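Below is one structure; the comments refer to it alone.
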Amino acid sequence: MRSPRVPLELIALVVENLSDRDCLHNCALAASVFLYPCQKRLYDQLSLTTSIDDGAVLPVREALRPLGSLRPLHTYAEAARHFAAAPHLAGYVAMVYVAIEPESGDRDASETAEMISALLAVLTGVRRCCLLGLQEEAVVWATVAGGVRDALLGWLLAQGTLEKITVYGVVRLPRATLHVLLGASPSLHILQGDVDHANSQSALQVSEELEWMRRVAATDTRVMLLELAVATSPLIDRVLQQPEFAQYLNQLQVLNTNIQAMPLSTVCFSSAATIDTLKLDCVHATKDNLFRFPPSLPLLQGLQLTIGLHHLADSPLSDLLFLPQLLRALNEDTSCPKLRTITFIVLLQDDMVPLSEEMLSQLDKTLHAFTSLARVRWLLVASELGQSDDDAMEAFREDMVRGLSKMAAVGKVVVQHYGE
């Protein structure tokens, strides 16, 4: 008599609740029905580095610590041997973390590059990739071995399945490299990184740039960029304003940047016809460093502004007058007929003083003037001190309800903890 079949949903639930790799390995061996879901979870994410010695691996492990114990670290050689023995496992890899390290004189650079190329060639189903710089002051792209750079860029350019690329802690990215990144995925996040804005280059650098520009132009796997985040990359803002990058920006739906990095209005102008979500980091903004919005944002539905109160302890809270000033400029100078939600992400300070009544009154009047606006959300992020966070949040909530009386009266004000 045949044993009853276990529903796939139940098998998936069992595997999802296994807490570590040893449990997953044992479960995969327990019955054939568990083999595929366990292997898929075991190999879903892959973290790669050149060396596994303590000095090189510690920064990687620290960077990956928040990801949990199911993400082991492998050298390129180790991973290549593993997938050579079981090629089907490479097809399960959906997320790759690549440690970006300066060239080391004790390793054969050409051999390392060939090994990386061979390994990446079998990773054909990757959807997300993170290039992770491992030095405290970030890694300069030019210090990475040339063969390694070529292997990574060639793989990104030809991949075709990527949904998101994140670059973290890598600086002085050449323009050609930026072209590759912008055209390789619909979502690009450059965090704590920047481009090489120098006008002078060596003959070798010029030759390398021209070759990569030729390869970018010849590829047929480029995808439409829909989301761009360059919040901590001021030089990239300036570079992206050049006409050569307009082709990547004219279909953006989500733009996330720093208000002090303006004039990023040029980038916003390039994608003004398609943006539906605009996110601006205004933590250190004041009424003296605002920027212009495009004349029209016809599809804009959501505006998100991150503001900080923690840095205002020793300065007048009138600095927050930039908020009504910024939004008034948006309402008066820009056509945004579909704007439905304005979200304020607020970084609270531990010892808050009352918000300026003048600022709240102006803000209430300005928000009320947006006829299409359905909701104003305040998402509160607690300070790290923690002793009076609840009190600070409650005080802020009361200030908003009292100060934004017009918006509160029509039920358009929502105040909650970030993540609720």
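The values are calculated or read from the model by the stated rules, or taken from the named source; none is laboratory data. The shown structure was predicted, so the numbers you read here are calculated from the model rather than taken from an experiment. Note: ideal-geometry Cβ built from the backbone for every residue, glycine included; neighbour counts use all protein chains shown.
Counting just the residues of region 30-75 that are small (Gly, Ala, Ser) and in the same structural domain as Leu131 (by TED's automatic domain parsing), which one comes out modelled with the highest pLDDT?
Applying the first criterion (small (Gly, Ala, Ser)) to region 30-75 yields 30-32, 47, 51, 55-56, 63, 68-69.
Next, from what is left, pick out any that are in the same structural domain as Leu131 (by TED's automatic domain parsing): 47, 51, 55-56, 63, 68-69.
Details: Ser47: 85, Ser51: 65, Gly55: 48, Ala56: 47, Ala63: 54, Gly68: 46, Ser69: 44.
The extreme case among them is Ser47.
Within region 266-281, restricting attention to residues that are more than 15 Å from Phe245 (Cβ to Cβ) and surrounded by fewer than 22 Cβ atoms within 10 Å (Cβ to Cβ), the residue that is modelled with the lowest pLDDT is Asp281. Considering every residue within region 235-245, establish whether at least one is at pLDDT below 85, polar (S, T, N, Q) and not in a helix (DSSP H, G or I). Within region 235-245, one or more residues are at pLDDT below 85, polar (S, T, N, Q) and not in a helix (DSSP H, G or I). Scan region 90-102 for residues that are touching a helix residue (DSSP H, G or I) at 6+ places or on another chain (Cβ under 6 Å) and either surrounded by fewer than 21 Cβ atoms within 10 Å (Cβ to Cβ) or under 16 Å from Val144 (Cβ atoms) (or both) and the total you get is 3.
Could you check how many residues of region 136-166 are of a type in the set (Val, Ile, Thr), more than 18 Å from Met224 (Cα to Cα) and not in a loop (DSSP other than H, G, I, E, B)? Even if it seems obvious, please write down each step before you answer.
Pass one, region 136-166, residues of a type in the set (Val, Ile, Thr): 139-140, 143-144, 148, 161, 165-166.
This time we only want the ones that are more than 18 Å from Met224 (Cα to Cα), so: 139-140, 143-144, 148.
Imposing the further condition that a residue be not in a loop (DSSP other than H, G, I, E, B) reduces the set to 139-140, 143, 148.
The number of residues fulfilling the criteria is 4.
In the set (1) modelled with pLDDT of 80 or more; (2) part of a helix (DSSP H, G or I); (3) touching a helix residue (DSSP H, G or I) at 6+ places or on another chain (Cβ under 8 Å); (4) not basic (Lys, Arg), the condition left unmet by Glu78 is number (3). For the subset of region 132-156 comprising residues that are touching a helix residue (DSSP H, G or I) at 6+ places or on another chain (Cβ under 6 Å) and modelled with pLDDT of 90 or more, which member is surrounded by the fewest Cβ atoms within 10 Å (Cβ to Cβ)? Restricting to residues being touching a helix residue (DSSP H, G or I) at 6+ places or on another chain (Cβ under 6 Å) and modelled with pLDDT of 90 or more, the top hit is Leu153.
Screening Ser405, Ser388 for residues that are farther than 27 Å from Asn256 by Cβ, modelled with pLDDT of 85 or more and out of contact with any Lys or Arg (no Cβ under 7 Å at 6 or more places or on another chain) leaves exactly one candidate, Ser405. Reported count of residues in region 401-420, each being among the hydrophobic types (A, V, I, L, M, F, W, C), in a helix (DSSP H, G or I) and touching a residue at least 24 places away in the same chain (Cβ under 8 Å), is 1.
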